[in-house]
Structures are given as C-alpha cells and as structure tokens.
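Structure record follows, encoded as structure tokens.
The values are calculated or read from the model by the stated rules, or taken from the named source; none is laboratory data. Keep in mind it's a predicted model, so treat the numbers as computed, not measured. Note: ideal-geometry Cβ built from the backbone for every residue, glycine included; neighbour counts use all protein chains shown.
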Amino acid sequence: MGSGRLTRRGPAPQVARRDVASGRIRGLRVWTIAGLSAFLAWGCAGSPASGGSAVDGTTPRPTTLHSTIAADSLDPSLVPAGYGTLRQEDVAIRVQYLGMIARFLPLDESIIRLLAPDSYRALRDIQASKQDEIESMTRRYSLIRPRLWYVSFSGLEQGETRFSPLELTVTSGGRDFRPVDAIALTPGFGEQRLGPRETQAALYLFDGEVNVDQALTLTFQTVRSTAWEGTLRRIERERSLVRSRVSREPSPNDQQPDPAHPGATTSSDSGASPSVRR
C-alpha cells in the first residue's frame, strides 16, 4: 500500500473509523472552530498565546511532533542523551501471537534516551524522516500532544501469517487507548500478512494521555501483556546509572590548559595525568 495507511479489522477506535472494504482509514468529521479562535484572538489581544481554557474561551492547539520533542528535550527531569546502554529489546514490550513476534516500543524521550547512542540516533532519525506525515496526521485528528510508538512484526513460521496490525489496545490510567493511525516504515506493511522470517514495521500515533512512566497493559489481538511494570524497574535502574555516569565526567571548569602542550589539558587535581583532546 503506497501511502502506508492501514485497514483495521474489528471494532473501530474512538478517533478514527476503519473502512475495510475500501482499504482506507477515514477520520471522523471534526468540526473545527478555527474561525472562532481567530476572532477571539483578535478581540482578546491581551490573552496568553498558548494553553487556553474554558475560562478565557480558547481551546488548546494541537502541538506538532517537533514542538513535543523540543519540550521533552528541555525537560530538566530528563537525563542527557548519549549515556545509555540499553538495547531496544530491553525496553520493548514483546508479544508472541500465532507465528510471529510483535514488539512495541514507546518513543518518549524519557525512554529512548536510556538506549545506547546508536539506537537512540536511529529512532530519532526514523521520526525525522516521517515528520511531514506525522504533522499531517496530528492536524487531521486534532491531537493535542501526539505520542509515537515504534512497532515491528517478525514472522517465525515457514508459512504465511495473517494478522490485524491495528488490533492493539494500551490501557493506561484506567483508560483504553487505540492507535489513531499508523505510518508504514516497510513496504507491504498494510497487507496484514507476514512471510517466513519477514519483518514489517510502522510508527503508531497515540493520543498523548498514554503515561509510559506508570504501569500499563498492552493487548494485541487476543494476547495481553503486563510486562511493562517489570520494564519500568529496568528503566529506573538505567536512569540512575546514567546520572552516575554523567556525574563522574569532569566538568570543563575542572580542566586547565597545559602551556607545555598546546591542545592538551590538565586536571585541577595535581595528581592527575594530562589528557590530550583528540
């Protein structure tokens, strides 16, 4: 399917209705109030430019993926990127269904910053390569704070395995969330079948209320997983280790130029040997 759009089998999600016969995902008609918002913004120039509430008569604007990542990156509670050691397999929810393995990985910065640097860069590059499609879907479904998950399906058996990739529910905070839409990352993802040893992958868009910092339950097709609770303990351990690694790094203020060796630095500790920056 060239456009990377998928067909859902079974009950439709709250946000989008899947038309199996036509093979396309039709968004529910959303009555926007862009004109009203513009009028209120013109008439109330002194009101805040963002946020909004029922009190001042404005509505929250959908945020873009870029602004979401930027806000996450500036969050002081996050650890710096580049110090993690976890693999994608360490933080993905793994589900075996029929003749395949499905893996579900939330792409929140608080999670992927704990991955090894090459894995972190690879996932950020995937998001950047699909940014236009992500922004378009964010506007189409009026998502206030979209959340992305990286999802892959790998065939195990010799024969063909058929499945419905969007038959997924994430239960978080007592609420059920279905993927709003999906963006294919591999050719043939929307065909809903896997050949032997074949892997298909996509980005799933969720409403931003899914809280990956708390225990959640994932149900794919008929298989239910509560493994995220154990994964959170692994994530917390790695987060503590990353903070420890960062704290052990010498501060730029702790290093002084070595006049005898241009380009070299010596530690403020007289017992330390000089280190040359390469």
- Task: Output the residue which, of all residues in segment 176-194 that are surrounded by 15 or more Cβ atoms within 10 Å (Cβ to Cβ) and part of a loop (DSSP other than H, G, I, E, B), is farthest from the chain's Cα centre (by Cα).
- Result: Gln192
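Take the residues in segment 93-120 that are assigned to a helix (DSSP H, G or I) and over 13 Å from the mean Cα position of the chain (by Cα); name whichever of them is surrounded by the fewest Cβ atoms within 10 Å (Cβ to Cβ). Step through it out loud before you land on a result.
If we filter segment 93-120 for residues that are assigned to a helix (DSSP H, G or I), which is where we start, we get 109-112, 117-120.
Now drop any that are not over 13 Å from the mean Cα position of the chain (by Cα), which leaves 117-119.
Working: Pro117: 13, Asp118: 8, Ser119: 20.
By that ranking, first place goes to Asp118.
Results for (1) in contact with a Ser or Thr (Cβ under 8 Å, 6 or more places away or on another chain); (2) modelled with pLDDT of 95 or more; (3) not basic (Lys, Arg), shown as yes or no for each residue.
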position: Ser142; (1), (2), (3): yes, no, yes
position: Tyr150; (1), (2), (3): no, yes, yes
position: Phe153; (1), (2), (3): yes, yes, yes
position: Gly159; (1), (2), (3): no, no, yes
position: Phe163; (1), (2), (3): no, no, yes
position: Thr171; (1), (2), (3): yes, yes, yes
position: Asp176; (1), (2), (3): yes, yes, yes
position: Pro187; (1), (2), (3): no, no, yes
- Of (1) without any contact (Cβ under 8 Å) to a residue 60 or more places away in the chain; (2) more than 28 Å from Arg197 (Cβ to Cβ); (3) of a type in the set (S, T, N, Q); (4) surrounded by 14 or more Cβ atoms within 10 Å (Cβ to Cβ), Ser136 satisfies all except one. Which? (4)
- Item | Filter pass, Leu143 being surrounded by 15 or more Cβ atoms within 10 Å (Cβ to Cβ) and assigned to a loop (DSSP other than H, G, I, E, B) | yes
- Inspect segment 214-225 for any residue being at pLDDT below 95, in contact with a Lys or Arg (Cβ under 7 Å, 6 or more places away or on another chain) and either under 26 Å from Leu143 (Cβ atoms) or not charged (D, E, K, R) (or both) and give the result as yes or no. no
